[in-house]
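The numbers here are math on the coordinates, done by the rules we state, and not lab data. The model shown is predicted, which means the values in this text are computed figures rather than measured ones. Note that we place each Cβ from the backbone using ideal geometry, even for glycine, and neighbour counts take in every protein chain shown.
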Amino acid sequence: MNNSDGNKRSNIEIGLLVEIVQKHHQHSGELTEGFVKRILTKSPNHPHGIKVMLQTGEVGRVKNIILD
């Protein structure tokens, strides 16, 4: 697994495999893996990670971008 910067919107693309932390998992840091369906953050950068919606409908901030 190779990690990239999930704090930059320019690094996130639709269909990308990522790990996110959902709001109710922020205290535990539990990560959810999935494919990006929508990018919800409008700004080019966010200190806690770009907010995305996965294809499963789950919403969270990108912590890791998984590259082949």
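How would you classify the range 9-65 from its alpha-carbon gyration tensor, with a ≥ b ≥ c the square roots of the eigenvalues: rounded for a/c under 1.5, else prolate if a/b is greater than b/c, otherwise oblate?
Since a/c reaches 1.5 but b/c is at least a/b, the shape of the range 9-65 is classed as oblate.
Across the range 20-62, C-alpha contacts under 8 Å between residues 6 or more apart give a mean separation that, scaled by the residue count, equals a relative contact order of 40 percent.
About the centre of its Cα atoms, the chain shows a dipole size close to 400 debye [charges on the beta carbon of Lys, Arg (+1) and Asp, Glu (-1) only; nearest 20 debye].
Under 15 Å of direct C-alpha separation, and excluding same-chain neighbours fewer than eight residues apart, LYS8 reaches these aspartates and glutamates: GLU19. Only one residue of THR32, HIS46, VAL18 has its Cα farthest out toward the positive end of the dipole of the chain, where Lys and Arg carry +1 and Asp and Glu -1 on Cβ, and that residue is HIS46.
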